[in-house]
Amino acid sequence: MSAYDLVVIGTGPGGYVCAIRAAQLGLKTAVVEKRKTLGGTCLNIGCIPSKALLHASELFDEAGHGFEQMGIKVGKPKLDLAAMMAFKDEGVDGNVKGVDFLMKKNKIDVHVGTGRIAAPGKVEVTGEAGTTTLDTKAIVIATGSEVAPLKGVTIDEQRIVSSTGALSLDKVPKKLLVVGAGVIGLELGSVWRRLGAEVEVVEFLDRIVPGIDLEVAKQFQRILQKQGFTFRLSTKVTGIDTSGSRLKATVEPAAGGDAATIDCDVALIAIGRVPYTQGLGLDTVGVALDPRGRVITDAHFATNVPGIYAIGDVIAGPMLAHKAEDEGVAVAEILAGKAGHVNYDVIPGVVYTNPELASVGKSEEDLKAAGIAYNVGKFPFTANGRAKVNRQTDGFVKILADAKTDRVLGVHILGADAGNMIAEAAVAMEFGASSEDIARTCHAHPTLPEAVKEAALAVEKRALHM
Ligand code: FAD
Ligand code: NAI
């Protein structure tokens, strides 16, 4: 008889949430984690520490520029970087301990060590105490992702860093070179720019944040440039010389051409993440991967091997914590005989810069490519009373609605607190709302979400404050 109904390998937001839901549904559940602390990339070296530094650096920046305008005289703020890092570490510690508590509360066994699937129904765990084998009816692979390497460049996490090193620098670099204008590059670039670094971003494509609605991305780039970011688009880094006291990065136009050199003190490599399946024994048991190394799953998260499932960053789809969590819940429900499901059309994404960039659903480019006729409603924060009084008028709300049915197909918000505001759009879309539904919903005044209502009114060209 199997000791467990379910063994989950990896305790990131996918794995630990899956285990909790399975335990809630009465499955005898264990997790396996090779890291000393639970919580995966997100809690230890991802979402949580980056948001702690984004929060602290934003206040530091505001104290230097915004407080005086509100009549608050505090003098020039001084940076105690070690204390800021300790603040970040405390936030991480609190969160990972929270996961320990949740495992105990839900009576989930935690096995510390590296998990390897020896056969369907058998997970070998190798830790400090040696190797043990767990018998289980089902296995969920939730091993996440790791940093994508840049050919010809070695990450030392001191001067050439991934996001992990960029979350723990011991001094503010005079110049930070960011390779990749995606989410990590712009969030962590923002942190170090606010703390005093000069930040230059090199991006292979001719635009920043690929996948985001282009009009929104262009305005986002203009705002970041106003904040001091410089961008070299359509450019690639071909090597970084580490022999001198400063780094020398060689860059070339993406399409080929003359090389140039950029001097910098630290280079952040942020060109994406790749699924992590090393040492899991997938080739032994025959679990199929796609050409990008992701575990192939069907609509029920099942791999090609019976009894083995996969969720989160290690499978296809956006590499986001809440996507991994929702998949964790869905697969646990499926294993318990219920109807677990994830709606991939309504997964919000947020870039936690200032202003924030949040979106859910389709971009204009997506709709054009799919040949779907749509109407657009836009409303700028310069016309929102609360944004004005807060002096946070950068950005706008953009709603895309089906031209025939008025159903909301995409919402994009560039603005202060956009990450919180996008939740309204996600709920509306999940319920199949029309732009008229949002426009007729009473929004409290004075609040930033009134801009969402006004953008919905603007779909029918009847915004009230513009
Ligand atoms: P992970 O969180 O990567 O967890 C996988 C776990 O499996 C790890 O703990 C690993 O040690 C363990 N593991 C791997 N192999 C084995 C093995 N063989 N045996 C035992 N254990 C194993 N997403 C957001 O939604 N919002 C954000 O703000 C955000 N910020 C981010 C900031 C940064 C700097 C980074 C790098 C990522 C960020 N992400 C964010 C992405 C988010 O962290 C991931 O999408 C999420 O962590 C994926 O969850 P997961 O459970 O699939 O895997
Ligand atoms: P990303 O995919 O967001 O961006 C990578 C960028 O690098 C792209 O713009 C790409 O065109 C560019 N690029 C690729 N190769 C390049 C090269 N050789 N030279 C120059 N540019 C190159 O990846 P990123 O920022 O590394 O983040 C990884 C993952 O982590 C993302 O999938 C994201 O979903 C997740 N994440 C989410 C966050 C959030 O939700 N707020 C925060 C941080 C990470």
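Considering only residues that are of a type in the set (Val, Ile, Thr) and in contact with a Leu (Cβ under 6 Å, 6 or more places away or on another chain), which ones fall in the range 1-19? Walk me through how you get there before you give the answer.
If we filter the range 1-19 for residues that are of a type in the set (Val, Ile, Thr), which is where we start, we get 7-9, 11, 17.
Val7, Thr11 - these are the residues of the range 1-19 that are of a type in the set (Val, Ile, Thr) and in contact with a Leu (Cβ under 6 Å, 6 or more places away or on another chain).
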Within the range 281-308, considering residues that are closer than 19 Å to Glu333 by Cα and of a type in the set (Ser, Thr, Tyr), the one farthest from the chain's Cα centre (by Cα): Thr303
Pairs, first over 14 Å from Leu268 (Cα atoms) and part of a strand (DSSP E or B) in the range 235-254, second small (Gly, Ala, Ser) and near ligand 2 (Cβ under 9 Å from one of its atoms), C-beta under 7 Å, six or more apart: Thr235/Ala254
Answer from Leu186, Leu205, Leu150, Leu177 - the residue that is under 20 Å from Met84 (Cβ atoms) and modelled with pLDDT of 95 or more: Leu186
Flag for Gln225 being assigned to a helix (DSSP H, G or I), open to solvent by 10 Å² or more (accessible area, probe 1.4 Å), under 16 Å from Val178 (Cβ atoms) and more than 16 Å from ligand 2 (Cβ to nearest atom): yes
So Leu59, is it of a type outside the set (D, E, K, R), touching a residue at least 24 places away in the same chain (Cβ under 8 Å), away from ligand 2 (no atom under 13 Å from the Cβ) and surrounded by fewer than 20 Cβ atoms within 10 Å (Cβ to Cβ): no
Filtered residues of the range 208-222 (kept if within 15 Å of ligand 2 (Cβ to nearest atom) and either open to solvent by 10 Å² or more (accessible area, probe 1.4 Å) or more than 15 Å from Val350 (Cα to Cα) (or both)): Pro210, Gly211, Ile212, Leu214, Lys218, Gln221
Residue within the range 371-385 that is farther than 22 Å from Ala217 by Cα and modelled with pLDDT of 95 or more present: yes
Those residues of the range 11-45 which are of a type outside the set (A, V, I, L, M, F, W, C), open to solvent by less than 20 Å² (accessible area, probe 1.4 Å) and within 16 Å of ligand 2 (Cβ to nearest atom), in sequence order: Gly12, Pro13, Gly14, Gly39, Gly40
Residue within the range 187-204 that is open to solvent by less than 60 Å² (accessible area, probe 1.4 Å), closer than 17 Å to Tyr352 by Cα, in a loop (DSSP other than H, G, I, E, B) and within 13 Å of ligand 1 (Cβ to nearest atom) present: no
Count - residues of the range 366-390 that are open to solvent by less than 70 Å² (accessible area, probe 1.4 Å) and touching a residue at least 60 places away in the same chain (Cβ under 8 Å): 10
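Could you say which residue among Asp258, Asp263 is open to solvent by 40 Å² or more (accessible area, probe 1.4 Å) and in a strand (DSSP E or B)?
Values: Asp258 fails: in a strand (DSSP E or B).
None of the others qualify; the one that does is Asp263.
Looking only at the range 329-338, how many residues end up being open to solvent by 50 Å² or more (accessible area, probe 1.4 Å) and in contact (Cβ under 8 Å) with a residue 12 or more places away in the chain?
Total meeting the criteria: 1.
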Options Asp394, Asp326: the member that is assigned to a loop (DSSP other than H, G, I, E, B), surrounded by 17 or more Cβ atoms within 10 Å (Cβ to Cβ) and touching a residue at least 12 places away in the same chain (Cβ under 8 Å): Asp394
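The values are calculated or read from the model by the stated rules, or taken from the named source; none is laboratory data. Note that the structure is predicted; figures quoted are calculated from it, not measured. Positions of Cβ are generated from backbone atoms using ideal geometry, with glycine treated the same way; all protein chains shown enter the neighbour counts. The protein model used for the area step is the full one, side chains on, heavy atoms only, and it has no ligands, DNA or RNA in it. Shrake-Rupley method; radii C 1.70, N 1.55, O 1.52, S 1.80 Å.
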